[in-house]
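The values are calculated or read from the model by the stated rules, or taken from the named source; none is laboratory data. Since the structure is predicted, the reported quantities are computational estimates derived from the model, not experimental observations. Cβ sites come from the backbone with ideal geometry, for glycine too, and all protein chains shown count toward neighbours.
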Amino acid sequence: MGHLNYEDSKKLVFRGMWLLAAVTLIEVVISLFGKGHLGYDPGDSMVLVMVVGVLIAGLSIYKAYYIIYEFMHMGAEVKGLRMSVLLPVLLLVWAIIAFFHEGNSWKERRQLIKEKNEIEAPKKTSSILLDKQTKSIF
Amino acid sequence: MATETVVHEDAKHQNEGDAWDGGAQPFKVSYGKLMMWYFLLSDAFTFAGFLIAYGALRFTMPTWPVPDFVFKTAPFGIHNLFSAETGAPLIFVTFMSFLLILSSVTMVRGVQEGHRENKNGVVFWMVLTIIGGLGFLGCQAWEWNNLIGHEHMTVLTNPFGTHEDSGYYTDDTHGHALPAGQQGERFEVGDSYLIHSTGVNAEGEREWTKRNFVTDGGEKGTEQFGPKQFGALFFFITGFHGFHVFSGVVFLIIICLNVASGLYVRRKNGYEMVEKIGLYWHFVDLVWVFVFLVFYLL
């Protein structure tokens with residue numbers, strides 16, 4: 001930014017505005033396409049949901065990069081500052097993996113309990129849970 | 001930065017050229033700007049914690065309200081221009097996103113004018129930024145009012161449900177049973193519905209029109225509320241972001257008044273205060289990128 005003259009840096013800002021607006025619009029179009037609003041019915045294709053998710057997440061990260069590097073001028077800061085602010089964010093990668101895994105396992109367990117509750121218990125003659133061998137002792 | 005040359009003259013000689021001497025700026029920025037960056041980093045972790053919690057809780061649920069169904073209304077009846085079934089999915093929030101991007105752009109222009117020591121330019125672009133921020137808050141107020149006042153979603157109640165089976169309704173849209181043998185509307189697996197409220201009864205409890213249906217498997221069922229976590233997470237996270245926007249607008253107004261009064265002209269540091277509030281304002285836009293992604297797009 002520092003090397004550019006005033007007129008050029010002004011142009012760059014408004015270029016950034018159109019870029020961010022366009023990327024947002026593309027994201028919305030992709031999202032609506034994935035939800036079946038644009039004439040194509042995705043049915044329950046997991047692959048399409050994944051592709052759409054990765055695409056819009058990628059575009060959002062690009063927008064974040066653009067805002068941090070161009071609007072907040074992170075690109076003009078020294079390396080030490082850049083690294084000390086940006087590297088800690090990498091911790092979130094593990095947070096995302098761990099918590100999403102946790103959420104999924106919670107759902108599976110809930111499903112398992114639901115299924116087990118639906119299993120009919122075998123008809124018992126005795127109200128006390130004892131097998132024949134133990135019973136013979138009494 | 002002021003350097004205290006008199007104090008600890010001896011110690012200074014012992015550590016000649018040491019980065020820990022003080023006085024030097026290893027990151028080549030002022031203390032205030034550096035601390036603004038670290039504050040934003042910590043705030044990013046707060047928001048990330050909320051958004052990851054949203055993802056984790058969404059994963060625990062077999063069904064989840066579909067955003068393009070929940071957020072399909074727009075003010076001034078704009079959604080009536082679309083088909084009644086789909087409404088205007090995500091159109092209003094897309095407009096809100098544009099508004100925030102626009103106010104971020106005007107903020108960058110304000111910071112640029114500050115570097116040129118152009119006082120009137122800074123005030124002009126900051127006023128536009130404040131208008132953008134207030135516009136965003138207004139939109140959010142409309143969205144919340146629509147959700148709470150018209151669709152009756154609260155922190156603990158989520159009337160947005162999802163069908164887990166395909167089938168036919170046996171009630172009409174007002175919840176009255178259809179004559180025997182007559183089939184109501186058809187729905188498919190994953191279709192969303194909004195349980196309408198008929199009002200509040202004498203005890204002050206809200207009453208709902210939960211329509212009955214028969215699934216293709218022949219089982220009778222009634223519409224159920226969606227996962228209540230949705231309402232709590234929505235109001236908490238967008239509320240927390242909205243509060244950031246609100247406090248940002250307050251700071252922008254204070255600093256804009258300071259600019260207009262000529263305070264930063266006397267400081268002769270290229271309107272650094274404007275730069276700092278600019279960092280905060282861009283961060284609010286940055287967080288919205290991810291709130292928009294998680295709540296509305298996915």
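Please specify each residue of the range B:271-295 satisfying the condition of being over 10 Å from the mean Cα position of the chain (by Cα), of a type outside the set (A, V, I, L, M, F, W, C) and within 12 Å of another protein chain (Cβ to nearest Cβ).
Within the range B:271-295, B:275, B:276, B:278, B:280, B:282 meet the criteria.
For the range A:105-115, check the following and say yes or no: at least one residue is more than 24 Å from residue B:112 (Cα to Cα), hydrophobic (A, V, I, L, M, F, W, C), within 7 Å of chain B (Cβ to nearest Cβ) and under 20 Å from the mean Cα position of the chain (by Cα).
Yes, the range A:105-115 contains at least one residue that is more than 24 Å from residue B:112 (Cα to Cα), hydrophobic (A, V, I, L, M, F, W, C), within 7 Å of chain B (Cβ to nearest Cβ) and under 20 Å from the mean Cα position of the chain (by Cα).
With the requirement that a residue be assigned to a helix (DSSP H, G or I), hydrophobic (A, V, I, L, M, F, W, C) and free of Cβ contacts under 8 Å to residues at least 40 places away in the same chain, what does the range B:77-114 give you?
Across the range B:77-114, the qualifying residues are B:78, B:81, B:91, B:98, B:102, B:105.
Within the range B:61-69, can one find any residue that is more than 10 Å from chain A (Cβ to nearest Cβ), in contact with a helix residue (DSSP H, G or I) (Cβ under 9 Å, 6 or more places away or on another chain) and acidic (Asp, Glu)?
The answer is no, given that none of the residues of the range B:61-69 is more than 10 Å from chain A (Cβ to nearest Cβ), in contact with a helix residue (DSSP H, G or I) (Cβ under 9 Å, 6 or more places away or on another chain) and acidic (Asp, Glu).
Specify which of the listed residues (A:48, A:130) is surrounded by 14 or more Cβ atoms within 10 Å (Cβ to Cβ) and either more than 9 Å from every other protein chain (Cβ to nearest Cβ) or modelled with pLDDT under 80 (or both).
On inspection, the qualifying residue turns out to be A:48.
Suppose we filter the range B:23-65 for residues that are assigned to a loop (DSSP other than H, G, I, E, B), in contact (Cβ under 8 Å) with a residue 12 or more places away in the chain and surrounded by 14 or more Cβ atoms within 10 Å (Cβ to Cβ); how many remain?
Counting residues in the range B:23-65 that are assigned to a loop (DSSP other than H, G, I, E, B), in contact (Cβ under 8 Å) with a residue 12 or more places away in the chain and surrounded by 14 or more Cβ atoms within 10 Å (Cβ to Cβ) gives 5.
Can you tell me which residue within the range B:21-33, out of those that are at the interface with chain A (Cβ under 7 Å from one of its Cβ atoms) and among the hydrophobic types (A, V, I, L, M, F, W, C), is nearest to residue B:271 (Cα to Cα)?
Per the criteria, the residue is B:29.
Among the residues of the range A:77-106, how many are out of contact with any Lys or Arg (no Cβ under 8 Å at 6 or more places or on another chain) and either over 22 Å from residue B:279 (Cα atoms) or not in a helix (DSSP H, G or I) (or both)?
Residues in the range A:77-106 being out of contact with any Lys or Arg (no Cβ under 8 Å at 6 or more places or on another chain) and either over 22 Å from residue B:279 (Cα atoms) or not in a helix (DSSP H, G or I) (or both): 14 in total.
Checking the condition facing another protein chain (nearest Cβ under 7 Å) and either at pLDDT 90 or above or more than 19 Å from residue B:282 (Cβ to Cβ) (or both), which residue from A:121, A:98, A:57 passes?
A:57
Only one of (1) out of contact with any strand residue (DSSP E or B) (no Cβ under 8 Å at 6 or more places or on another chain); (2) at positive phi; (3) within 14 Å of chain A (Cβ to nearest Cβ) fails for residue B:268. Which number is that?
Residue B:268 satisfies all of (1) out of contact with any strand residue (DSSP E or B) (no Cβ under 8 Å at 6 or more places or on another chain); (2) at positive phi; (3) within 14 Å of chain A (Cβ to nearest Cβ) except (3).
Taking the range B:80-95, which residues are buried (at least 18 other Cβ atoms within 10 Å of the Cβ) and over 21 Å from the mean Cα position of the chain (by Cα)?
Scanning the range B:80-95 gives a single hit, B:87.
Kindly check whether there is at least one residue in the range A:6-15 that is aromatic (Phe, Trp, Tyr) and modelled with pLDDT under 95.
The answer is yes, given that some residue of the range A:6-15 is aromatic (Phe, Trp, Tyr) and modelled with pLDDT under 95.
Restricting to the range B:156-210, what's the tally of residues that are under 31 Å from the mean Cα position of the chain (by Cα) and more than 14 Å from every other protein chain (Cβ to nearest Cβ)?
The total comes to 20.
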